1. Mind checking the full-extension length gain between residue 144 and residue 4? Use 0.36 nm per residue of separation minus the Cα-Cα distance, one decimal, nm.
2. Hey, got a sec? Which chymotrypsin sites (Phe, Trp or Tyr not before Pro) in segment 83-169 land in a DSSP loop and have at most 10 other Cβ atoms within 10 Å?
3. Could you work out how far apart the two model spin labels at residue 79 and residue 130 are, taking each label as a point 7 Å from the Cα in the direction of the beta carbon, and quote it in nm?
4. For the chain, what relative contact order do you get, as a whole percent, if you take Cα pairs closer than 8 Å and at least 6 residues apart?
5. All other residues with a Cβ under 14 Å from the Cβ of residue 168 taken together, and with Lys, Arg as +1 and Asp, Glu as -1, what is their net charge?
6. Mind giving me the FRET efficiency for residue 55 and residue 87? R0 is 22 Å, r the Cβ-Cβ distance, nearest 0.05 is fine.
7. Picking from 64, 159, 16, which is most flexible by a Gaussian network model of the chain using Cα springs under 10 Å?
8. What list do you get for 106, 75 if you sort them by fewest beta carbons within 10 Å?
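Laboratory data are not the source of any read-out in this text; all were calculated from the coordinates shown. Owing to the predicted nature of the structure, the values given are computational and were not obtained by experimental measurement. Heads up, the Cβs are rebuilt from the backbone with ideal geometry, glycines too, and the neighbour counts pull from every protein chain shown.
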Amino acid sequence: MNAFVDIIVFLIKSLGSLYVSLVLLRFLLQLVRADFYNQISQAIVKLTNPLLIPIRRVVPSVMGIDVASLILALCLQVLLSEIIILVAAQQLINPLPLVLFGLLGCINLLIYIFYGCGIVLVITSFVAPYSNHPVLNLIRQIMDPMLGPLQRLIPPIGGLDFSILFFFLGLGVLQRILGITASSIGLNPFFVIGF
């Protein structure tokens, strides 16, 4: 593969990962009932609405779960993978395996989102523990449903909260399982957003 094709694939994967991450963030914000009047939430809504509103007309929410966001993320995964394969190998492949690959890619992107949120929480707990910045408020709203049960199991020791460490370990185990699954089904990470 020549350098020009490599650059194009890099740009597709980078911009695609960013947009699919925004769609998955929108899913998470609705799942945890985050504050949608927050400036960051409003930005995510404005960026994802053009593609999400048409899907919402056809796919309703199920028990409060925004299925349309998940379908959009999966469809974007499949479409972007096909484009990457077309650019890199000058061919199209059957989209059915790409659906499974896209699902694994979406789960991997969610893991990266949780890693990022956790790192921000750890850093701000030392630098600005009482900050009310809009980004921090959203991150806390996303992470509280997952860290809350861990914090009840693992109480703070000496004023230090070690639950985030076990949360990161759990994410690491989940990522290893995803990697093993991806390699066992023949996933080429070059062609999938999020890997």
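1. Details: separation 140, 0.36 × 140 = 50.40 nm, distance 4.36 nm.
Stretched fully, the residue 144-residue 4 segment lengthens by 46.0 nm.
2. Values: sites: 101, 112, 114, 115, 126, 130, 162, 166, 167, 168; in loops: 130, 162.
Taking segment 83-169 and a limit of 10 other Cβ atoms within 10 Å, the loop chymotrypsin sites (Phe, Trp or Tyr not before Pro) found are 130.
3. 4.7
4. On the way: 177 pairs, mean separation 54.9, N = 195.
Answer for the chain is 28 percent.
5. On the way: positive: 176; negative: 161.
Every neighbour counted, the sum reads 0.
6. Values: r = 26 Å, r/R0 = 1.16.
According to the calculation, E is roughly 0.30.
7. Evaluated over the chain, the most mobile residue of the options is 159.
8. Numbers: 106 23, 75 17.
Placing the least packed residue first, the sequence is 75, 106.
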